[in-house]
Every structure is written in structure tokens, then in C-alpha cells.
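Report on the structure given below.
The values are calculated or read from the model by the stated rules, or taken from the named source; none is laboratory data. Predicted, not measured: the structure shown is a model, and the values here were computed from it. Every residue, glycine among them, receives a Cβ derived from its backbone with ideal geometry; neighbour counts consider all protein chains shown.
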Amino acid sequence: MTATTAGTGTAAGARSRGSATGQFYDELVTGLETARAALPAEEASFFNRPMSEPELIEWLCFQAYYEKRAAEFIGRWLADTPQDDAFTLLARQVRDEARHYQLLMRALDRRGVSSLDRWRPEPEWEEWIDGWYPSGADTLERVAAHNVTGEIGAANAMVAIRPRLPADVAAALDKILPDEQFHMRLGRTVLARHCTSDEDRARVRHRVQRTFELEQAGRAAYNRRMARLGLADLDADTPPLA
């Protein structure tokens, strides 16, 4: 075999592996979309009612907590990310998550909330965000949970809630959402380059499925919290936030 032929064969093999991995990623996303579509309406979204100012503050607190934690646990991953490409992409993501936290805290500050010191997350959120996301054994498991499953869920939730938000918060989401698209592409890229064996794919499927389950538990906990605070089942004629 000539060098040219060998090189061509190697390139063809790489394309074939990349195509197979791309198909695997698409199957994961399709599975998540199917699972979400099958949910009852009250479980499909955090945002199944008109949003009052008090609930807006609760949501902003939750979202700021989520973004801050993401910056923290992804930052800790960097010391244990041997793949140079993933290291560079995740380092950019840490910066993004910190900026998102800052944008959300500015929105809270305009509403009289200057810190999260007195705000406490639900136990389900701590299990999901503080426990599960940081727990992946390696880059593949971490990215499968957060960038494949979590970021798709987060972006979809932001798109769903945006029409219910006041102009300043909607503007903040407009700055955040392009980064979320990058984070999702990051997940696809890492899987395409590094998820190469049946064992890897099995581990990734497990992480995706368990993340989805914890996400749904977190959404149910959000709705229970709103009911406990007296913010659920608001009158359908509640005027939109200005």
C-alpha cells in the first residue's frame, strides 16, 4: 500500500467513525426530545403559569445559583481534563457561566436582591446540580450529563420562558442563549472525538438518562416550591410583567 493510499484509508476511516459518533449524538438528542414530549404538561416545563414579580425573583435566584455552580464545577474539571481540545473548550465555558451568573445577579440587584446568601436551593436541586453534575468519572461522563442533557434542557427552558419576562431579563437571556448553543456544540464535539467504544457509549447513555431523571425531579421541586410560597395557580388574567 502506498503512503497516499494509506492516508486516504485513514481519512476515510476517520470520516466513518465521525459519522457514526454524530449519529450516536443525534440519537441521544432525539431520545431526550421524545422523553420530554411524553411528559404531562405540568411536568414538561418549570413555566406552566403566568409569572409574577415574586416568582421572577425566585426563578432568577435559581438560575443564578445554577450558573454559579456550573462555573465552579467545570472549573474544577480543568485540572483533570487530559484532552487538549476539551480543556480549551471547557475553559471558555467557565468564563461563559461566570458571565451568565453576573448578568442574572444584575437583574436581581435591580429588584432589590444583592446576593444569594439568604436563598436556599431545594434538596432535589442540590442532588442534581451540586452532586450529580460534578460527579462524572471523566470528560465524557461530565460532558454527557451537563453539555448534552443539561444544556439542552436549560436552553429549551429559557426559550420557553422568554415571552413571559420583562424586557431587561429577556435582554439578559438574549446574551446567554448564544453561549448555550456553543455549550451544546461543545458536547457534540467532545463525543464525536472521544466517545469511540461501545463501553463509552453505554456510560454516556447512562449519564444522559440519569441526568434527565434528576432534571425532572428538579422541575417538580420547583413547582412544589412555588406552591409552598403561594405563587402557583395565579389567575390567568394576570397582566404580563412590564
- Got at least one residue in the range 67-87 being polar (S, T, N, Q), more than 23 Å from W132 (Cα to Cα) and out of contact with any Pro (no Cβ under 6 Å at 6 or more places or on another chain)? no
- Out of all the residues in the range 219-227, is one or more modelled with pLDDT of 95 or more and crowded, with 16+ Cβ neighbours inside 10 Å? no
- Pair list, Cβ < 9 Å and 6+ apart or interchain, from the range 75-94 residues that are loosely packed, with under 15 Cβ neighbours inside 10 Å to residues that are of a type in the set (K, R): D85/R193
- Query: Looking at R118, R99, which is the one that is out of contact with any helix residue (DSSP H, G or I) (no Cβ under 7 Å at 6 or more places or on another chain), surrounded by 15 or more Cβ atoms within 10 Å (Cβ to Cβ) and not aliphatic (A, V, I, L, M)?
  - Reply: R99
- Item | Selection from the range 49-82 of residues that are among the aliphatic types (A, V, I, L, M) and under 12 Å from M226 (Cβ atoms) | M51, L56, I57
- Residues of the range 81-103 satisfying the condition of being over 14 Å from A172 (Cα atoms) and part of a helix (DSSP H, G or I): D84, D85, A86, F87, T88, L89, L90, A91, R92, Q93, V94, R95
- Query: Hey, among R111, R120, R106, which residue is farther than 28 Å from A79 by Cα, of a type in the set (K, R), in contact (Cβ under 8 Å) with a residue 40 or more places away in the chain and part of a loop (DSSP other than H, G, I, E, B)?
  - Reply: R111
- Note on the structure: The residue from L140, L214, L191 that alone is among the hydrophobic types (A, V, I, L, M, F, W, C), surrounded by 15 or more Cβ atoms within 10 Å (Cβ to Cβ), within 24 Å of L78 (Cβ to Cβ) and in contact with a His (Cβ under 8 Å, 6 or more places away or on another chain) is L140
